[in-house]
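S.K.: Here it is, the structure, as structure tokens.
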Amino acid sequence: MLTQAPRGTRDVLPQDSYRWQYLESRMRQAAAEAGYREVRTPVFEHTELFQRGVGDTTDIVQKEMYTFLDKGERSITLKPEGTAGAARAFLESNLYAAPLPCKMYYLSAPVFRYEAPQAGRLREHHQFGMECFGAKDATADAELIILAYRLISGLGIRNLSVNINSIGCPECRPRYNEMLKSFLHEHETELCPDCRNRMDRNPLRALDCKNPQCQKVVENAPRLLEWLDDDCRSHFEKLQACLRAMDIPFQINDRIVRGLDYYTKTVFELITKTENGNLTVCGGGRYDHLVEQLGGPDLPAVGFGMGMERVLMLLESEHIQIEEPGVVDAFVTYMGDHALEAFRLVQALREAHVRTDMDHTGRSLKAQFKYANKTGAIFCLTLGDDEVQNRSVRVKDMRTGEENTVGLDVVTGVITDGIQR
Ligand code: ATP
Ligand code: MG
């Protein structure tokens, strides 16, 4: 128990964190290029925010939330997705008073869902998400889809498909919902208990139910795309025109409705084919009424969430190499009782911003060398009696095996230059 992490959680160990950092830097770069700045919101929020924001007919709110009473008897929930918190921060700090849109992203944000753990499904996972508040044009939807697509395919991940759909708006969806409801009622006995339960309150969800029986039923259901009003239709067409203009391959998939209640118009998913079936790495869409629903102004918005573990999983399964940076660039070894001289040299190199280490465990010189090798150091520096006497140090370039004696007064310059090569 004591040495076992809770089910569905995962450590990122020191030897693996470079993979996360690589991904994070690519994500930061992509977001910055599109004018998005980082937002950080708390790991927990008032439960009501998610009930209101995410919607209480969703799987997330009905089954998956980590909710508890704190010592002040307040109902608190660990973030089950990123958008509601971002929208809450946007409202609380009146960010809508500044020129819009307000573009923000979050990175490695922990997300908690009580799910059955399996490959690509954790109880704590992390998301890279982007949100654009106050932009109604389809160009905003398109820039997010293109950014996510380029980010993932730019990592070398293949077999990526962009699936888009429009689920209309409160003007046109109710008409469709009525038709879908009566269709579902006709087939009630063939539907799973979940779909039956929510078919009156949220019939759309039957369209993306994973139960094969339900999937078969909805094959013949009326098509929402045929019922869009003019505004939703032209928005959807403009989105497609933007994607075509940038040669982004996409498909219209009218089974994608997304799990969250707040979506309007555009919804999309980026799906990859893996040996174990399809994997959704990114999902998002437009949520033009969320801000108002949370008590703010009537303000359109669009965004996505990308599962970082899923992206890392794909990098691994496709054997995409990420350069491992090594632990340090320089390692200082010493003979006899020259630990203090070695320590000084280590500090001097660190002051020159060279990643440097030395032995702290009393190893023999030979073992220090062996250990230096394991750290991936480019240079191994050695202090013996002669070197200390002459205020110099032996410098071995581990790439070439070349060795030189260098004066202590110039050694940091020699090392910083040498690393660049
Ligand atoms: P799924 O249909 O796979 O349950 P979802 O629709 O619940 O996904 P979103 O709410 O759209 O997922 O979350 C955005 C992204 O976060 C997903 O596309 C996925 O990459 C990732 N994600 C969601 N749930 C998990 C989880 N339990 N473990 C790991 N990653 C997850
Ligand atoms: Mg889910």
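The values are calculated or read from the model by the stated rules, or taken from the named source; none is laboratory data. Every value quoted in this text rests on a predicted model; they were computed, and no experiment measured them. Cβ sites come from the backbone with ideal geometry, for glycine too, and all protein chains shown count toward neighbours. Accessible surface areas use protein heavy atoms only, side chains included; no ligands, DNA or RNA. Shrake-Rupley method; radii C 1.70, N 1.55, O 1.52, S 1.80 Å.
S.K.: Do we find that Gln213 is part of a helix (DSSP H, G or I), surrounded by fewer than 22 Cβ atoms within 10 Å (Cβ to Cβ), modelled with pLDDT under 95 and polar (S, T, N, Q) in this structure?
M.R.: yes
S.K.: Go through (1) open to solvent by 30 Å² or more (accessible area, probe 1.4 Å); (2) within 16 Å of ligand 2 (Cβ to nearest atom); (3) of a type in the set (Phe, Trp, Tyr); (4) farther than 25 Å from Asp11 by Cα one by one and return the number of the condition Phe50 breaks.
M.R.: Going through the list (1) open to solvent by 30 Å² or more (accessible area, probe 1.4 Å); (2) within 16 Å of ligand 2 (Cβ to nearest atom); (3) of a type in the set (Phe, Trp, Tyr); (4) farther than 25 Å from Asp11 by Cα, Phe50 breaks only (1).
S.K.: Now for a different question. What residue, among those in the range 57-86 that are of a type in the set (Gly, Ala, Ser) and loosely packed, with under 13 Cβ neighbours inside 10 Å, is nearest to Val111 (Cα to Cα)?
M.R.: So, considering only residues that are of a type in the set (Gly, Ala, Ser) and loosely packed, with under 13 Cβ neighbours inside 10 Å, the one nearest to Val111 (Cα to Cα) is Ser75.
S.K.: Report whether or not Gln29 is open to solvent by 70 Å² or more (accessible area, probe 1.4 Å), out of contact with any helix residue (DSSP H, G or I) (no Cβ under 6 Å at 6 or more places or on another chain) and either within 16 Å of ligand 2 (Cβ to nearest atom) or not in a helix (DSSP H, G or I) (or both).
M.R.: When the stated conditions are applied, Gln29 does not pass them.
S.K.: Check whether at least one residue in the range 159-177 is over 30 Å from the mean Cα position of the chain (by Cα), more than 21 Å from His289 (Cβ to Cβ) and in a helix (DSSP H, G or I), and report yes or no.
M.R.: Within the range 159-177, none of the residues are over 30 Å from the mean Cα position of the chain (by Cα), more than 21 Å from His289 (Cβ to Cβ) and in a helix (DSSP H, G or I).
S.K.: Still on this structure: How many residues, within the range 289-305, are crowded, with 20+ Cβ neighbours inside 10 Å and more than 16 Å from ligand 2 (Cβ to nearest atom)?
M.R.: The number of residues fulfilling the criteria is 7.
S.K.: So which strands (runs of 3 or more DSSP E) stay within the range 274-345 end to end and still have 2 or more residues that are away from ligand 1 (no atom under 16 Å from the Cβ) and over 25 Å from the mean Cα position of the chain (by Cα)?
M.R.: Qualifying strands (runs of 3 or more DSSP E): 330-334.
S.K.: Identify all residues within the range 102-123 that are farther than 16 Å from Ile60 by Cβ, free of Cβ contacts under 8 Å to residues at least 40 places away in the same chain and open to solvent by 30 Å² or more (accessible area, probe 1.4 Å); write none if there are none.
M.R.: Once the filter is applied, which keeps residues that are farther than 16 Å from Ile60 by Cβ, free of Cβ contacts under 8 Å to residues at least 40 places away in the same chain and open to solvent by 30 Å² or more (accessible area, probe 1.4 Å), the range 102-123 yields only Gln118.
For every residue, the table says whether it meets (1) open to solvent by 50 Å² or more (accessible area, probe 1.4 Å); (2) free of Cβ contacts under 8 Å to residues at least 60 places away in the same chain.
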{"position": "Asp247", "(1), (2)": "yes, yes"}
{"position": "Asn253", "(1), (2)": "no, no"}
{"position": "Arg286", "(1), (2)": "no, no"}
{"position": "Gly307", "(1), (2)": "no, no"}
{"position": "Met313", "(1), (2)": "yes, no"}
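S.K.: Ok, one more. Which of the numbered conditions does Ser153 fail, given that it passes all the others? Conditions: (1) closer than 23 Å to Val257 by Cα; (2) within 16 Å of ligand 1 (Cβ to nearest atom); (3) in contact with a strand residue (DSSP E or B) (Cβ under 8 Å, 6 or more places away or on another chain).
M.R.: Unmet for Ser153, out of (1) closer than 23 Å to Val257 by Cα; (2) within 16 Å of ligand 1 (Cβ to nearest atom); (3) in contact with a strand residue (DSSP E or B) (Cβ under 8 Å, 6 or more places away or on another chain): (1).
S.K.: Any residue at all in the range 233-251 that's assigned to a loop (DSSP other than H, G, I, E, B), in contact with a strand residue (DSSP E or B) (Cβ under 9 Å, 6 or more places away or on another chain), on the phi < 0 side of the Ramachandran plot and in the same structural domain as Ala140 (by TED's automatic domain parsing)?
M.R.: Yes: one or more hits.
S.K.: Let me ask something else about it. Would it be correct to say that Leu144 is open to solvent by less than 40 Å² (accessible area, probe 1.4 Å), out of contact with any Ser or Thr (no Cβ under 7 Å at 6 or more places or on another chain) and without any contact (Cβ under 8 Å) to a residue 60 or more places away in the chain?
M.R.: So Leu144 does not fit the description; no.
S.K.: With Ala84, Ala5 as the choices, which residue is within 22 Å of Val291 (Cα to Cα) and either within 16 Å of ligand 2 (Cβ to nearest atom) or assigned to a loop (DSSP other than H, G, I, E, B) (or both)?
M.R.: One residue alone meets the criteria, Ala84.
S.K.: Here's a follow-up. When the range 307-316 is examined, which residues are found to be within 19 Å of Glu269 (Cβ to Cβ) and not hydrophobic (A, V, I, L, M, F, W, C)?
M.R.: Matches in the range 307-316: Gly307, Glu309, Arg310.
S.K.: Within the bounds of the range 65-77, is there any residue that is part of a helix (DSSP H, G or I) and in the same structural domain as Pro300 (by TED's automatic domain parsing)?
M.R.: no
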